[in-house]
Amino acid sequence: MYLSPKNLKFVNLLLILMSFLKKAILFLSITVFVQSKAQTVVGFITCPNDDTVCVGTTGLMTLNGGISPIVRWELSTDGGVNWNPLTTVTSTQYSYFSIPNSTCYRVVHDGGNAVSQIYCITTDEPSDAGTITGGGQQCGIANDTMVVTSGVGAPLGWYYSTGGTYISIGDTNDSLAYNVTGTTYYAYVVKNGVCPADTARDTISITPYSNAGIASTDSLTVCITSNAVTVSVPNGSTTGTNMGWQTATSLSGPWTTVGDSTDSYSVINLSTPTYYHLLVKSGICPSDTSNDILINVDAAPVGGSLSGATYHCGAPPATGTLNLSGHSGTVLNWWLDSGSGWIASPCSGTSCNYSVTTNTLYRVEIGNGVCPSVFSTYDTITISPLSVAGTLTQTEDTICAFSSGGVLSLNGYTANDFNWEISNDGSTWLPLAAFTGPNAAYSNLPSGTLYFHCIVTNNLCPPVTSNSATVVVSPSPTVTILTNDTTIDQGETISVVATGTGTPSWSPAIDVSNPNSFITDITAYAPESYVITVDDGSGCTGTDTLHIYMTVKPFSGFIANSLTPNNDGINDAFYVENIEVYKTSSVKIFNEYGQLIYSAAPYTNDWKGTYNNARVADGTYYYVLTLKDIDKEKEFKGYISILGGK
């Protein structure tokens, strides 16, 4: 029931009047009770406080008009039916402390013959505004009803404030409907009797709805081979606390929180399509998620293999069809390179018809989504001139058996691979693996008629065979040394007999008495191999060899110890006997200071006492002579005197 301020004031006056009447009735009853005991009523009690106080009030009472001695103060809590003495209080004043309920007081004095008038204090229960429910923190909007329960006292009404002075709403009901848009403070005031008013308070605070914002995109696409991408909501667009980004492989979940509570989240190395959203919660409000972001993952393209290119022999163009297989992804472009770099081809799809006039490489570019494109294997179309053997010629038509020969040559050929063959009948051919180019030198051939040709190949084109070249190989004349290989003494002479056809000649001829005869003598001073060659007059020759072995005695020859280099033909040079027998010899001449003034190897008895083409002074000089026998080397040292008047 609503009470206007005027009516509320009337009610308060009525409550005070009722309290006064209650005290008057209690006083009359007590007076009757005292008088019935025939005690003289003398004096009265006064108190600065009102007769009606709030429970818990403290006050001071004073006896007025009393007669000494004062026996005691007494109190009654049942309206004067029963009195309880306050034996310790014998003064004219008494202080009550925190009075708990309505209580009457009197004073017995004049030695017990007199009693004061009864003074009653009525108590009111403390005001209690009760408890407000239905307010507090609200999510998004504040539109509800607050209710007050368990109050004591008369309602004075509802008040509100938005942060300043409280303003009366003018409603004393125990419930209040509210609809506010901002934080609002409410108070419900109750007053019981004379007790101070009590206030119940509640604050309605509005927490904004959770808002996770809207991500900048609903979907992204990355490549499986290498990816790094960031999902985000605009900075400052959220309301509430970021609880973290959540991820799932399908919209139905389950969703897993990754723990990053910022407005953006970096994703790397995804291998499967994945959803992401941001989770935000504002206070008591239910959490909110941003729109779902799908990160698609494109598979890496596979270039595959290109086939179908031909090796074209002959005049261009080369034509055919290229085919792509084993690829994965989308064909983006066909590319070709004819020697000047890669350019786009008009071909498309998985096959390409070509017609080219030069060697050309093809490849196909394959892509898939956002992944980097890749290329197929190369396939090369090669155009090559046909193999041409040209003309085969030779420098010598006729040669001697097992002697020097000539050169076979191809001219006017088109080829880069040459395979030579030989035949002794022109039908059965054998390979000549040692010959690999367009020219082939032949020699040391057996006697007979031999045929040569060359099978040539240009690149991968079919091979062709040249014309044949014929070489007649004449047999070489025969020669035989009838004398057996032998061992002789150094300087011994032996007779040698040979037989053969043609003109003979011996080598080396120096030790041979008749070097152009089949029968001759040989005087040998060292082991030697002697070769007889016969010439049949047509340029063909035959040979045989005689090996002479020798037992060489240790050197015991004469070494001159003086010379007179005056060009008289006698003792003009430093002489070593039989020096010519030794194929290995050396002489070194030193002056008396150890300076080398002459050296020779081999030595041939020809030093005539000179140094730098000038005659040396007479005097003593020193030599070192080294001789090597068949298998031993020996050194001789001595001096030599030069005499000649210089």
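Scanning the stretch 109-123 for residues that are touching a Ser or Thr at 6+ places or on another chain (Cβ under 8 Å) and either crowded, with 17+ Cβ neighbours inside 10 Å or free of Cβ contacts under 8 Å to residues at least 12 places away in the same chain (or both) yields HIS109, ASP110, ALA114, VAL115, GLN117, ILE118, TYR119, CYS120, ILE121, THR122, THR123. Taking the stretch 590-604, which residues are touching a residue at least 12 places away in the same chain (Cβ under 8 Å) and either basic (Lys, Arg) or out of contact with any Ser or Thr (no Cβ under 8 Å at 6 or more places or on another chain) (or both)? PHE590, ASN591, ILE597, THR604 - these are the residues of the stretch 590-604 that are touching a residue at least 12 places away in the same chain (Cβ under 8 Å) and either basic (Lys, Arg) or out of contact with any Ser or Thr (no Cβ under 8 Å at 6 or more places or on another chain) (or both). Here MET243 meets the list (1) of a type outside the set (Ser, Thr, Tyr); (2) open to solvent by 70 Å² or more (accessible area, probe 1.4 Å); (3) assigned to a strand (DSSP E or B); (4) under 30 Å from LEU176 (Cα atoms) almost entirely, failing just condition (4). Scanning the stretch 313-352 for residues that are among the polar types (S, T, N, Q), in contact with a Ser or Thr (Cβ under 9 Å, 6 or more places away or on another chain) and in a loop (DSSP other than H, G, I, E, B) gives SER338, THR350.
Conditions (1) open to solvent by 70 Å² or more (accessible area, probe 1.4 Å); (2) farther than 22 Å from THR330 by Cβ; (3) among the β-branched types (Val, Ile, Thr); (4) at pLDDT below 95, marked per residue:
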position	(1), (2), (3), (4)
SER226	yes, no, no, yes
THR247	no, yes, yes, no
ASP260	no, yes, no, yes
VAL297	no, no, yes, no
PRO301	no, no, no, no
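The lone criterion from (1) aromatic (Phe, Trp, Tyr); (2) part of a loop (DSSP other than H, G, I, E, B); (3) without any contact (Cβ under 8 Å) to a residue 60 or more places away in the chain left unmet by PHE555 is number (3). Looking at THR88, is it more than 30 Å from ILE206 (Cβ to Cβ), among the β-branched types (Val, Ile, Thr) and open to solvent by 40 Å² or more (accessible area, probe 1.4 Å)? In short, yes.
For the stretch 489-503, the criterion of being more than 18 Å from LEU546 (Cα to Cα) and open to solvent by less than 40 Å² (accessible area, probe 1.4 Å) is met by at least one residue. Only one entry in ALA177, ALA215 is exposed (fewer than 14 other Cβ atoms within 10 Å of the Cβ), among the hydrophobic types (A, V, I, L, M, F, W, C), in contact (Cβ under 8 Å) with a residue 24 or more places away in the chain and over 26 Å from ASP124 (Cβ atoms), namely ALA177. Residues that are on the phi > 0 side of the Ramachandran plot and within 60 Å of the chain's Cα centre (by Cα) within the stretch 111-154 comprise GLY136, GLY140, listed in sequence order. For the stretch 235-245, the candidate set comprises residues that are at negative phi and at pLDDT below 90; within that set, the residue that is nearest to the chain's Cα centre (by Cα) is ASN235. Pairing each residue of the stretch 327-341 that is surrounded by 16 or more Cβ atoms within 10 Å (Cβ to Cβ) with any residue that is of a type in the set (A, V, I, L, M, F, W, C) and assigned to a loop (DSSP other than H, G, I, E, B), provided the two are 6+ apart or on different chains, yields C-beta distances under 6 Å for TRP334/CYS347.
Yes/no matrix, rows are residues, columns are (1) aromatic (Phe, Trp, Tyr); (2) within 33 Å of the chain's Cα centre (by Cα); (3) within 29 Å of LEU460 (Cα to Cα):
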site	(1), (2), (3)
ILE295	no, yes, no
ALA299	no, yes, no
GLY320	no, no, yes
HIS327	no, yes, no
TRP335	yes, yes, yes
VAL364	no, yes, yes
PRO385	no, no, yes
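Is it true that SER355 is open to solvent by 60 Å² or more (accessible area, probe 1.4 Å), assigned to a strand (DSSP E or B), more than 29 Å from CYS223 (Cα to Cα) and without any contact (Cβ under 8 Å) to a residue 40 or more places away in the chain? Yes, satisfied.
VAL222 meets the conditions (1) closer than 19 Å to ILE132 by Cβ; (2) assigned to a strand (DSSP E or B) in every case but one. The failed one is (1). When we screen VAL587, VAL576, VAL581 for residues that are free of Cβ contacts under 8 Å to residues at least 40 places away in the same chain, among the aliphatic types (A, V, I, L, M) and buried (at least 17 other Cβ atoms within 10 Å of the Cβ), the only hit is VAL587.
Somewhere in the stretch 472-479, is a residue closer than 30 Å to THR391 by Cβ and surrounded by 16 or more Cβ atoms within 10 Å (Cβ to Cβ)? Checked against the condition, which is being closer than 30 Å to THR391 by Cβ and surrounded by 16 or more Cβ atoms within 10 Å (Cβ to Cβ), the stretch 472-479 yields at least one hit.
The residues listed here are CYS104, CYS139; of these, the one that is surrounded by 21 or more Cβ atoms within 10 Å (Cβ to Cβ) and in contact with a Cys (Cβ under 6 Å, 6 or more places away or on another chain) is CYS104.
Just a yes or no: is a residue in the stretch 284-292 of a type in the set (D, E, K, R), open to solvent by less than 60 Å² (accessible area, probe 1.4 Å), touching a strand residue (DSSP E or B) at 6+ places or on another chain (Cβ under 8 Å) and under 30 Å from GLY136 (Cβ atoms)? Looking through the stretch 284-292, at least one residue is of a type in the set (D, E, K, R), open to solvent by less than 60 Å² (accessible area, probe 1.4 Å), touching a strand residue (DSSP E or B) at 6+ places or on another chain (Cβ under 8 Å) and under 30 Å from GLY136 (Cβ atoms).
The values are calculated or read from the model by the stated rules, or taken from the named source; none is laboratory data. Treat the numbers as computed from the prediction; the structure is a model and nothing was measured. Glycine also receives a Cβ, built like all others from the backbone with ideal geometry; neighbour counts cover every protein chain displayed. Just so you know, the surface numbers come from the protein's heavy atoms only, side chains and all, with ligands and any DNA or RNA stripped out. Shrake-Rupley method; radii C 1.70, N 1.55, O 1.52, S 1.80 Å.
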